[in-house]
Each structure stands twice: as C-alpha cells, then as structure tokens.
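Student: This is the structure, below, for whatever I ask next.
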Protein chains: 2
Amino acid sequence: MHHDPSCPIGIFDSGVGGLTVARAVMELLPDENIIYFGDTARVPYGVKSPETVARYAAQITRFLLERHVKLLIVACNTMAAVALPAITSLSPVPVLEVIDAGARSALAVTRSKRIGIIATPSTVASKAYERALSRLGGPDVHTVAKACPLFVPLVEEGWLDHPATRLVAVEYLAPLAAENLDTLILGCTHYPLLAPLLADVVGPGLRLQDSATAVARQAAAILNEQGLRNPGRQPRYDFHVTDMPHRFLEIGQRFLGQAMVNVHLETI
Amino acid sequence: MHHDPSCPIGIFDSGVGGLTVARAVMELLPDENIIYFGDTARVPYGVKSPETVARYAAQITRFLLERHVKLLIVACNTMAAVALPAITSLSPVPVLEVIDAGARSALAVTRSKRIGIIATPSTVASKAYERALSRLGGPDVHTVAKACPLFVPLVEEGWLDHPATRLVAVEYLAPLAAENLDTLILGCTHYPLLAPLLADVVGPGLRLQDSATAVARQAAAILNEQGLRNPGRQPRYDFHVTDMPHRFLEIGQRFLGQAMVNVHLETI
C-alpha cells in the first residue's frame, strides 16, 4: 500500500510554518497528493522539551502512516532537531527533513564555509544544524547559531516589514556580524517570510538559505528513484489541524500562497 | 475533605503567567498551602479556539480537584474568558477568576467609567471583560479593547524595557489614546511585568490595573467567610507543569519573585 504512487506525501509541522514547505512541494511536484498535519493546538514546539516534542512527533507520524503516505517530510526544524529517531523508528516509508536539506543547500552555496544559523531556542540548543553541517561538510566548516524566539510571533502577527521587527532582527543578528559569514540558514519554516527584511539587515555579503525548496528537491529525487511519482493529475490536498485558532485560515494562506481547502479538525 | 482548612488553594494557568497571581496570594495569605498547575506543554492558550481551551481547562480542574483543593483560582484570562462554565460545572469548591476580579478592581478606581482592556486575541474576541464591566458597573461604562499578541513572547524573552517592546507597545496602544480613558486593565497575567514600560507609554492620565492582587483579596475574603483559613504555618508550595521548557525555572522565578521548588512534571 505504501508503494502505490497515488498515495499522498505526508508533510507535518507544529503549526502553520510547514506550509512554506508544502508550497514548495506543490510547486515542484504539482501532481502529487499531499496530506498536511499541523499541530496547531500545541504549537509552538520550539520552547518545549525534547521529550515532549518526541512524544507529539510520534503521535503525528502514526496519524499520517495510518493514511498510507508514501513519503514523510518533517517540515518542522524543532521536530527534525530533537525527534527524528522517534519518527524514523516508526516509519516504513522514507523520511525527509528540513535540517538535512537546509544544511546541504547551505554547503552547496558557501565559499568560505563560514555558516550562520538562526532558529528557535530548541533547535539551537539541539545543535542539530551544526552536526549536519559537520557530517556533510567536514571538520573545517565554521558555524555560529543564534536563537530568535520573537521571529515566529512577529511573522504570525504579520509584521513582516515593521520597525519593531527590524529592531528585533538587528539585535538578534548583531552577534553574527563579527563572524565573517557568507551564508545564513533560516532554520525555522516561519523565517522565509522575513527574508526580505533579514536580507536588508544583514546586507549583501550574506546569502540566506531556506530549507523548503531544498527538501522539495529531495522529495522529487527520491520519488523519481523509486518510481513513485503520481501518474494522476488534479491532486488532492488535505490539511489536518488540532485546533482552528483565531485568524488561522488567513495566516495559513499567507504561508501557503493560496487559500486552504479541505481543512479537518483532529484530536490526537 | 474539601472543607478542611489545611487543604491547598489550587491556582492554574496555561503557563507561567499565573505565577504573578500565585505570588500575590503568597503575599496576602502567607500561611496557605498552594498547588499551582501550568500547562507549559500546550501554552499559549490565547490563540487557541474556545472549544480546545475548555477541554484543557476541564482536564486541569479535574487534576486539582483530585488533590483536594479547597478553592480554585483561574489565573489565566483566556480560560476565565472562554472556559469558566466548563470549570465551575466540575467544581464543588468555590471558583475565583481574574476577569471578574480585574473588572471589579478597575471599577473601584475609575472616575470617568471609560475603561480600556489589553489582552490576548482570544480574551479580546470573547468580550468577557466588557460583559463583566457592564454587569458589575452598569450600562454607562464605556470600554475599548485591544489585542496585544506580541506582549507574551516579549515578556518571556525578558525584554521588559527594550526599544522593540516600546515600539510594539506604542503601536498597540495608539488606538486607545483617542478614547479619553482613565483606567487600563492589564487583561493577561504576563502584562504586569510590562507595567513600568506601559505606564510610561500611556502617560500619567491612565491608571493601570492588574488582576493578581484583586483576586488574592477575593480569596482572602472567601476563606475568612467560610472559616477556611489554614491554621498551620510553613505552607507547602507545589508546582505541576506539563513540560519543562527551555529556561523554565529562570522565567518562572521572574514571575514568582522567588525560586521555584517542588516542581513536578505531569502528563494529563
């Protein structure tokens, strides 16, 4: 059943942020069916302990596997950082995730091998990006990471180009300026929406890399390899959430780049 | 069992914010045993739907009732706003909550009966403060409410006097300036930590009111009336949380005004 090409791709996140990944997958693989799961009742994960995040990640993985996904994409940096073993140990299908994809994408563009990472406190504390960069890029990769806990609420407030957001960005990014970096990984799926402001704050010498397109490319490659591209047309998109919070559809649309249809409320 | 004066007072919140209420109760009622419950795994509630908040509130209420509390204090504006029926219907002991207390406290100081409310999006959308003020203060009370979703993450980041916080406050509070208010209710238990900055932003003509002291006074009155003041000394404080997130003890101490001891991790 998992090897039926018409089965959907499962994409999940703690909330709406992973919709930037869903959007990249829809653009690159327009014929694929997608089931998205956003744990909107328990978001944000970025400030929770690894044990709690792993427990929630396992619940979501089971939910998607029961719906016969052919591929799982962990579109949440926090879950990728601290809960990947809990996910892969349950999954008979391939698991892709944003940290590996983001690290590969940064290594493909860096010249100096001096790479910065901005992310939630949990992702930074996990050192998952540093481990991935060192594993994939060798011991001479130099990394600096900075937690930016206010970026997620600022993005969800829609203050993508607000003077307060700029002040916050200047303060968060100041410690990175002295590090002579040439690449900055946006290590949270919310951050691509701040990319124009962040590019302005860090200046032209620093290249911003997000993981959404990178993980979508990995998904295309693995489906091609395994002969699992969906032959059908008119794909179906389903969005499962654990809560329908205030302004959810408005915020979701901002991330997805299109209106959300087939939205289902789940208790897991 | 519930009528034993040595039983604890149960105080609960979605996270650490209610510790400002616990602190006020400890100061006013220094001999009382206290059980605090903070749903740190699922915080914040302020952006969740009323149905989800009510479900979580009922779980916490059951948890505290099983531990034989003699009084329940809902130290979370969001739960008080949208989940009070779910709590009172389960409770054989008196239930106090911050919205009623905050409204009474504002009405006691206002002269013009023109009262502003700042709170989370859910609390504002519920119109619970407006209902309480109108019920307690009559039809000539004029109210204006403004949701301030960035204040909670700014407080938890510890940016209590940061230029970015000031910019956010100026933007959020600007619509209130034209309303000729004389009283502003801080309708979220996180906001008292921003009181100095907010007082500076709104100027001396506007009096800030928080609910922590008000609800502590109500608790003292009800225990006195019912002969339920604890005769013992050396009270015990227990803190039950659903997650021990990053910097939890540090942030908790900032709210409580003292180090947290007897901290227990719960799964509910």
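Student: Quick check on the stretch A:73-91. Is at least one of its residues assigned to a helix (DSSP H, G or I), within 13 Å of chain B (Cβ to nearest Cβ) and not small (Gly, Ala, Ser)?
Tutor: yes
Student: Would you be able to say whether some residue in the stretch B:105-120 is of a type in the set (Lys, Arg) and either assigned to a helix (DSSP H, G or I) or within 14 Å of chain A (Cβ to nearest Cβ) (or both)? Spell out the reasoning first.
Tutor: From the stretch B:105-120, those of a type in the set (Lys, Arg) are B:111, B:113-114; that's our starting set.
Now drop any that are not either assigned to a helix (DSSP H, G or I) or within 14 Å of chain A (Cβ to nearest Cβ) (or both), which leaves none.
Scanning the stretch B:105-120 turns up no residue that is of a type in the set (Lys, Arg) and either assigned to a helix (DSSP H, G or I) or within 14 Å of chain A (Cβ to nearest Cβ) (or both).
Student: Which residue is farthest from the chain's Cα centre (by Cα), if the candidates are limited to the stretch A:9-41 and must be more than 16 Å from A:Asn77 (Cβ to Cβ) and within 13 Å of chain B (Cβ to nearest Cβ)?
Tutor: A:Ala41
Student: Moving on to the next point. Counting just the residues of the stretch A:139-173 that are surrounded by 18 or more Cβ atoms within 10 Å (Cβ to Cβ) and of a type in the set (Asp, Glu), which one comes out farthest from B:Ala169 (Cα to Cα)?
Tutor: The selected residue is A:Glu156.
Student: Within the stretch B:228-237, is there a residue that is at pLDDT below 90 and either closer than 14 Å to B:Gly17 by Cα or not aliphatic (A, V, I, L, M) (or both)? Walk me through it before giving the result.
Tutor: So the first thing to find is which residues in the stretch B:228-237 are at pLDDT below 90, and the list is B:232-233.
Applying the additional criterion that residues be either closer than 14 Å to B:Gly17 by Cα or not aliphatic (A, V, I, L, M) (or both) yields B:232-233.
For the stretch B:228-237, residues at pLDDT below 90 and either closer than 14 Å to B:Gly17 by Cα or not aliphatic (A, V, I, L, M) (or both): present.
Student: Could I ask something else about it? Within the group B:His142, B:His162, B:His190, which residue is at pLDDT below 95 and on the phi < 0 side of the Ramachandran plot?
Tutor: Only one candidate passes the filter, namely B:His190.
Student: Select from the stretch A:174-207 the residues that are within 14 Å of chain B (Cβ to nearest Cβ), surrounded by 14 or more Cβ atoms within 10 Å (Cβ to Cβ) and more than 20 Å from the chain's Cα centre (by Cα) and list them in ascending order.
Tutor: A:Val201
Student: Restricting attention to the stretch B:123-152, report how many residues are touching a residue at least 24 places away in the same chain (Cβ under 8 Å), among the hydroxyl-bearing types (Ser, Thr, Tyr) and more than 14 Å from every other protein chain (Cβ to nearest Cβ).
Tutor: 2
Student: Could you list, in sequence order, all residues of the stretch A:249-260 that are surrounded by 20 or more Cβ atoms within 10 Å (Cβ to Cβ) and modelled with pLDDT under 90?
Tutor: Answer for the stretch A:249-260, where residues must be surrounded by 20 or more Cβ atoms within 10 Å (Cβ to Cβ) and modelled with pLDDT under 90: just A:Ile251.
Student: Can I ask one more? Name the pairs: first residue in the stretch A:76-88 and without any contact (Cβ under 8 Å) to a residue 12 or more places away in the chain, second residue surrounded by fewer than 24 Cβ atoms within 10 Å (Cβ to Cβ), Cβ to Cβ under 6 Å, at least 6 apart or on different chains?
Tutor: A:Thr88/A:Val95
Student: Related question: How many of the residues making up the stretch A:153-173 are more than 8 Å from chain B (Cβ to nearest Cβ) and over 17 Å from A:Asp200 (Cβ atoms)?
Tutor: Summing the residues that are more than 8 Å from chain B (Cβ to nearest Cβ) and over 17 Å from A:Asp200 (Cβ atoms) in the stretch A:153-173 gives 1.
The values are calculated or read from the model by the stated rules, or taken from the named source; none is laboratory data. If you're wondering where the values come from, they're calculated on a predicted model, not measured in any experiment. Note that we place each Cβ from the backbone using ideal geometry, even for glycine, and neighbour counts take in every protein chain shown.
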